Structure formats: C-alpha cells, structure tokens
Amino acid sequence: MARDQLQVLNALDVAKTQWYHFTAIVIAGMGFFTDAYDLFCISLVTKLLGRIYYFEGHDKPGSLPSNVSAAINGVAFCGTLAGQLFFGWLGDKMGRKRVYGMTLMLMVICSIASGLSFGKDPKAVMATLCFFRFWLGFGIGGDYPLSATIMSEYANKKTRGAFIAAVFAMQGFGILAGGTVAIVVSSAFKALYPAPAFQVNPVLSTVPQADYVWRIILMFGALPALLTYYWRMKMPETARYTALVAKNAKQAAADMSKVLQVEIEAEQEKVEQLDTRKGNEFGLFTKQFLRRHGLHLLGTAVTWFLLDIAYYSQNLFQKDIFSTIGWIPEAKTMNAIEEVFKIARAQTLIALCSTVPGYWFTVALIDKMGRFTIQLMGFFFMTVFMFALAIPYHHWTMKGNQIGFVVLYSLTFFFANFGPNATTFVVPAEIFPARLRSTCHGISAAAGKAGAMVGAFGYLYTQNAIGLRNTLIVLGVVNFLGLLFTFLVPESKGKSLEEMSGEAEEETTAATRESAMEAGLEVRSSV
C-alpha cells in the first residue's frame, strides 16, 4: 500500500507537527470563530429588540412576538443548512480554496448588512434583519465542510483529530467573544446614557441610543472574517484535492514542497495510472457508494442531527435557568441596556466554565482516546445528566437547590463539547473519498442544522405543551438514541485518509490485479 501511495500524500501523513499546521488551524479556525459569534450573538440582543420595537405600555417591557422571535432565531439556521449542502458540493467541484474565499466574503458583507435596516418601522427592521441573517447563515454553512476538509487534508495521521477539533474549538472562543463584545458595548452605553429602570419610568428606560447597541454587536462579526481573508487566499489548494480530484500531481507536489519545505517528486504518471486502473470514480448516488459508505453517512448524519436537537434546546433553555437562579433579575427592574449586560455576563460565564474547557479536552484527548470512545462517552453522560435534571425536577425548583441544577446543566454542556459536538464535526472529514469528502461533510452538517431547527422550534412548542420536566425527559431519550447510532461510525484514529475512505485499498487491489494479470500473461507466453 505504501508503495502505491503518492509521495506527496505520504509526506503529509508522516510530517512532523510544524508551524504551517498551526497557521492552518488559525486560518480555518477564525472562520469558525466568526460563525459562532454570528450565530449566537443574536440571543444576546433579542430582548433589546423587543423593548425598542415592540413597546407595549407601562405594565411590562416590550418583547418580540413569538413568530418574529422564532424567525430571527431560526432564519440563520435555514441559511446555514442550505449553505452546507451547496458549498459542500461546490467544494468538491471547484476546489476547497476557491470556494473558501466566497463564503468568507458573504459572511463579511452580511454581518455588516444585518446591523443596517431599510427604514425604522418594526416590520422593515425585522424583515431586513431576517433577510441578511439568512444569507449570513448561507455563508456560515459553507464554512463547515470546507474548514473541516481543508484541515483534515493538511494534517498528518498522528494528530489529525486534534487539529480538526482545534478548528472547531474556535467556536467556543467565538461564543466567548460575542458575550465580551456585548458586555463592553452595553457597559459603555450604560455609562454614557444613564436611564432609570423600567418600573421607575417605562418610556425613559429605553434610551434612543440603545438602537445602536444591537447594531454594533451584530456588525462586529465582520471584523475577524475580514482579518483572515488575505491569509485564506494565500493558502495553497490542498494536495489531496489537486492530486486525487484535479489530477494535477505537479501542482500538488510544488504546493506541498513549499509548505513542508522538502523536495517532493511530482509522480504525474502514477496519478494517471491510478485514474485508469482503480475504478474508484463512483458518485454519491450509486450502489457502490451505498455499499461502501452508506451506513457511515447515515451514522454521521443521524448522530449530528440528534446531538443538535439536544444542544440547541439547551442553549435556548439558558435564559430560563438564569432567571430561575437569579443571575438575571426580573426585566422590569432593569433598563434596556442593563438587561443586555446581564444576559451577556451570564452567557459568558457558562461559556468560560463549561463550553470552552469541553472543546479543549477533546483537542487534547481525541488522538489518544479515539473519536468513537469520546462520542459514546459524551452521549452517555449527556443522557445521564439530562435524566438527573428531569426525574427529580421538583427537587431542583425548590429554594436552595438551584446551584445543584446549574452544576448538572453545565456538565451536560461540558460533555456535549467533550463528546459528540466535536466528534460529529471531525469524523465526516476523515472517512469519505477525497472527491466526495466536502459533499458528505456538508450533508452530515446539514442534518445537524435540521436537528438545530427541530431543537429551536420544537423546544418552544414542547415546553408550552408538555412542560419543562417532560421536555428534559424527551431530550434524554434523544441523547440515548445518539449513543446507539454512534455504533455506525467507524474509528479513524491513526489511519490515513486514503485508508479510511478505501481509496488506498483500491489502489493496492488494482495494482495486485494488474501484476497478477501480467504474471499470468508471462506464464502463458512461456508455455
């Protein structure tokens, strides 16, 4: 097998961890940093939008109508799902690098545009916000399959899991940055424009300048994306795409010689031989793909779908918890800008204590423990903690027991991130053939976003219909199903991408078949 593998791919597989690995993590990771910032910062400002545009009178602060709230929270997910499928497919057709630049520019433009609005009327502001959040989500969607694929194709065998997980872990810093920016902006405006609490003066509690707060927070998301655009465009195309899909061994060798700083032979003839003999050109909708990778794709898509139902429901559940334990006081006791500050402070604390550490535990241990073990363990503990919250739910609501509730709730977040939230991103970038890798990752990620939509909209419905305790039980069952479907996903620790996708095996069997035929011909001719 090693004899048949292209020298350029072998060089990448056995390369020592070098500076270019870390630059690739930062460049791909900054996209994810921006994704998380843009997707999660909206939850920090929805209450402010309600106060500004839906003032209801003197009884209680204005809030977004449920249909408007659902649209603002969900529209970016719809865009993300569409973007994952479209850019995933495009990444396999046009190359990872070219499509990467498109997604980034789309994110920059739509981040800025979502902070602007056509007119001041509530309907006009909300319609503009929803329109640009959809296209922002579309760009973010493209970042999922492309970042994962680029990192997996750049990494070496030994530490590939950690590198892909590190790209995904930048999401934690993005969530943290969203909270930090909201804290800084709201603190500055609170100091510059003091206002009474809502119960003291409902009209003056929302100063006109509050309208700038949410716009600044949303538009700030364009900055990290803009900063990495230049570096993304300087990255060469991945050698696996150039050699195995574009069939240009010379370019692949030249690019990687520069990156790895070693001399690599081009081997164009070998690429052409592999192309003619291995019969490895089956497409996504073929019996051959179904036979080889059908169950793998089902496993990666369903586990991501189930994880995101639970994960995004938990995110929505945060505000209820914060109010229950008194981290966020009653809305009427604060002015509009103060409320943004308190929500941001609470979310930043959760991110700092459980979300970010969970991601980095995965980075540290994924190449030691393996993807399968971490995913199984994560789903198991998420199931246990969800039932531990749900079954004695009445106990947790009693005075003095809320801290225990928060600890268990934080642990479900920790094991989501030190578990399936990271591994569902890593595995689809490793187990499919190069020419379908980005597409299959996009399909798996899109299944995840469908789960996020089920979680976001379903949670609001089930909470009203069956109550919070039963909703938690449903989420526990969802996590348990995730644990069962994990058994469809293969372990990819320590193996080359070609080994995992079956491409190396085909090259070897094709080579063996060819040499057997030659040997047969020689025997016949000697007879």
Exercise. Which one of Gly88, Val406, Thr423 has its Cα pushed farthest toward the positive end of the charge dipole of the chain, where Lys and Arg give +1 and Asp and Glu give -1 at the Cβ?
Worked result: Val406
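At 1.4 Å probe size, with the rest of the protein present, what percent of the exposed accessible area of the chain is carbon and sulfur atoms? Can you show the working numbers first?
On the way: 14300 of 21190 Å².
Accessible surface attributable to carbon and sulfur in the chain totals 67 percent.
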Exercise. Among rounded, prolate and oblate, which fits segment 132-269 when a ≥ b ≥ c are the square roots of the eigenvalues of its C-alpha gyration tensor, a/c under 1.5 means rounded, and a/b larger than b/c means prolate?
Worked result: prolate
Exercise. In nm, to one decimal, how far is the Gln199 label point from the Lys234 one, both placed 7 Å along Cα→Cβ?
Worked result: 5.6
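What net charge is computed for the residues neighbouring Ala336, neighbours being all others with C-beta under 15 Å from the C-beta of Ala336, Lys and Arg scored +1, Asp and Glu -1?
Net charge in that neighbourhood comes out at +2.
For the chain, what is the mean residue ellipticity at 222 nm derived from helices alone (per DSSP H run of n ≥ 4: -39500 (n - 2.57); sum divided by total residues; nearest 500 deg cm²/dmol)? Kindly include the intermediate steps, with their values, before the conclusion.
On the way: 21 runs with 397 residues, N = 527.
After summing the helix terms and dividing by the residues of the chain, the value is -25500 deg cm²/dmol.
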Exercise. Of Gly458, Ile216, Met233, whose Cα points farthest to the positive end of the dipole of the chain (charges on the beta-carbon: +1 Lys, Arg; -1 Asp, Glu; origin at the Cα centre)?
Worked result: Ile216
Seminar exercise, completed: The correct ranking of Trp231, Trp396, Trp304 by accessible area at 1.4 Å, largest first, is Trp231, Trp396, Trp304
Exercise. Using Cα atoms only, what is the angle between the long axis of helix 42-53 and the major principal axis of the chain, expressed in degrees (0 to 90) to the nearest 10?
Worked result: 40
Exercise. Between Leu116 and Arg291, what length in nm is gained on full extension when 0.36 nm per residue of separation is reduced by their alpha carbon distance?
Worked result: 58.0 nm
Exercise. So, in Å, what gap is there between the alpha-carbon centers of segment 3-49 and segment 481-505?
Worked result: 21
Seminar exercise, completed: Of all stretches in the chain that avoid trypsin sites (Lys or Arg not before Pro) placed in a DSSP loop and having at most 16 other Cβ atoms within 10 Å, the longest is 248-398
Exercise. In whole percent, what relative contact order does the chain give with Cα contacts below 8 Å and a gap of six or more residues?
Worked result: 24
Exercise. Helix 287-324 versus the longest principal axis of the chain: what angle, 0 to 90°, nearest 10, using Cα atoms?
Worked result: 20
Seminar exercise, completed: From highest to lowest solvent-accessible area (probe 1.4 Å; ligands, DNA and RNA excluded), Met500, Met102 read Met102, Met500
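Could you work out the relative contact order of segment 364-494, using alpha carbon pairs under 8 angstrom and six or more residues apart, expressed as a whole percent? Walk me through the numbers on the way to the answer.
Working: 113 pairs, mean separation 57.9, N = 131.
This gives 44 percent for segment 364-494.
Across the chain, where is the longest run that never hits GluC sites (Glu not before Pro) in a DSSP loop with at most 16 other C-beta atoms within 10 Å?
57-262
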Problem set entry | Charge dipole magnitude, Cβ of K and R +1, D and E -1 - segment 117-189, Cα centre, debye nearest 20 | 120
Problem set entry | Dipole axis of the chain (+1 Lys, Arg; -1 Asp, Glu on Cβ), positive-most option in His293, Ser152, Phe118 | Phe118
Problem set entry | Length gained when the stretch Leu488-Lys93 is fully extended (0.36 nm per residue, less Cα-Cα span) | 139.4 nm
Exercise. What is the distance, in nm, between label points placed 7 Å from the Cα along the Cα-to-Cβ direction at Ala70 and at Gln261?
Worked result: 5.7
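Explain nothing, just the number: relative contact order of segment 154-302, from Cα pairs under 8 Å at least 6 residues apart, as a whole percent.
Relative contact order, segment 154-302: 12 percent.
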Problem set entry | When each of Lys270/Lys368; Lys250/Lys493; Lys16/Lys97; Lys332/Lys399; Lys97/Lys258 is checked by Cα-Cα distance, pairs over 25 Å | Lys270/Lys368; Lys250/Lys493
Exercise. Among residues other than Thr373 whose Cβ falls under 13 Å from its Cβ, what is the net charge (Lys/Arg +1, Asp/Glu -1)?
Worked result: +1
Exercise. Using 0.36 nm per residue, how much length does the chain from Arg469 to Glu56 gain when fully extended, once their Cα-Cα distance is taken away?
Worked result: 145.6 nm
For this session: Would you work out if segment 325-392 is rounded, prolate or oblate? Take a ≥ b ≥ c from the square roots of the eigenvalues of the alpha-carbon gyration tensor; rounded if a/c is under 1.5, else prolate when a/b is larger than b/c, oblate otherwise.
Result: oblate
Problem set entry | Probe 1.4 Å, protein heavy atoms only - accessible area per residue of the chain in square angstrom | 40
Seminar exercise, completed: Heads up, segment 103-197 by the C-alpha gyration tensor (a ≥ b ≥ c square roots of eigenvalues; a/c under 1.5 rounded, else a/b over b/c prolate, else oblate) looks oblate
Problem set entry | Rounded to 10°, Cα long-axis angle of helix 402-417 versus longest principal axis of the chain | 20
Exercise. Can you give me the Cα centroid spacing of segment 145-163 and segment 359-374 in angstrom?
Worked result: 14
Problem set entry | Largest to smallest accessible area among His394, His296 [probe 1.4 Å] | His394, His296
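The values are calculated or read from the model by the stated rules, or taken from the named source; none is laboratory data. It should be emphasised that the depicted structure is a prediction, and the values quoted were computed from it without experimental measurement. We place every Cβ from the backbone using ideal geometry, glycine too, and count neighbours over all the protein chains shown. What goes into the accessible areas is simple: the full protein's heavy atoms, side chains included, and nothing from ligands, DNA or RNA. Shrake-Rupley method; radii C 1.70, N 1.55, O 1.52, S 1.80 Å.
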